[in-house]
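The values are calculated or read from the model by the stated rules, or taken from the named source; none is laboratory data. As the structure is a prediction and not an experimental result, all values here were calculated from the model. With ideal geometry, Cβ positions are generated from the backbone for all residues, glycine too; neighbour counts draw on all protein chains shown.
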Amino acid sequence: MSQPKIGVIMGSQSDLGVMTEAVLVLEKLQVPFELSIVSAHRTPEIMYEYAKTAKDRGLKAIIAGAGGAAHLPGMVASLTTLPVIGVPVKSSNSIDGWDSILSILQMPGGVPVATVALNGAKNAGILAAQIVGAFDDKVAKNLERFKIEMRDKVINSANELKEKGY
Ligand code: RP5
C-alpha cells in the first residue's frame, strides 16, 4: 500500500471489532492508512511518540477509538496539529457508553476532537476520507461514487416497497 494518509489507532485489541468499520470504509474509498494499538494509559510513551511524529510521517488525520475513561483521542489531539477524529467505543469497562462519549466529546476549548457516534467507526472513516478528499481528487471521486451508491440503495428499497403495493 502507498504512503499512509490516515492513522487508525485504538486503546486496546478489544476495540478492533468496532474499529474495523473504519478500516473497511478506508479500503473501499482507497485511502491509504496505518493501523495500530496505542494506549493512553498502558503505553503513554508510545502514544506520545505516535502523536508527535504523525505529521512528519505524512499522516493527514488520525482516527482514535477508545472506551470507558477514553483519553486516547484527546491526548493525541493535544500533541499534534493534525485533525483527530474520536470514536467512543462501548467497551467492557464502559458503563453504558456515555462515559466513552463524554470523555471524547467534552474537550476543553483549544483542543478539538471531532467525535462521532458511539461505535461510529464507519463515519470516522468517511470523515477522514473527506478530509483527504479536500485535496486528493481520486479520493474525492470515490466519495462521490460512495454517495451515489447510498442514494441508489435508498431509492431501490423505496421502489421495492412500492412494487409490494405500499
Ligand atoms: C480502553 O479501555 C480501551 O480503549 C478499551 O476500549 C477499554 C478496555 O480495554 P481492555 O481492558 O479490553 O484491554 O482504554
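Considering segment 118-129 alone, what residues qualify as being among the small types (Gly, Ala, Ser) and touching a Pro at 6+ places or on another chain (Cβ under 8 Å)?
Across segment 118-129, the qualifying residue is only Gly120.
Are there any pairs, at least 6 apart or on different chains, whose C-beta atoms fall under 6 Å, with the first in segment 12-32 and small (Gly, Ala, Ser) and at pLDDT 95 or above and the second within 16 Å of the ligand (Cβ to nearest atom) and outside any loop (DSSP other than H, G, I, E, B), and if so, which?
Every condition considered, the pairs that remain are Ala22/Val8; Ala22/Ile63; Ala22/Ala121; Ala22/Ala124.
Which residue is nearest to Lys5 (Cα to Cα), if the candidates are limited to segment 59-92 and must be of a type in the set (Ser, Thr, Tyr) and in contact (Cβ under 8 Å) with a residue 60 or more places away in the chain?
Ser91
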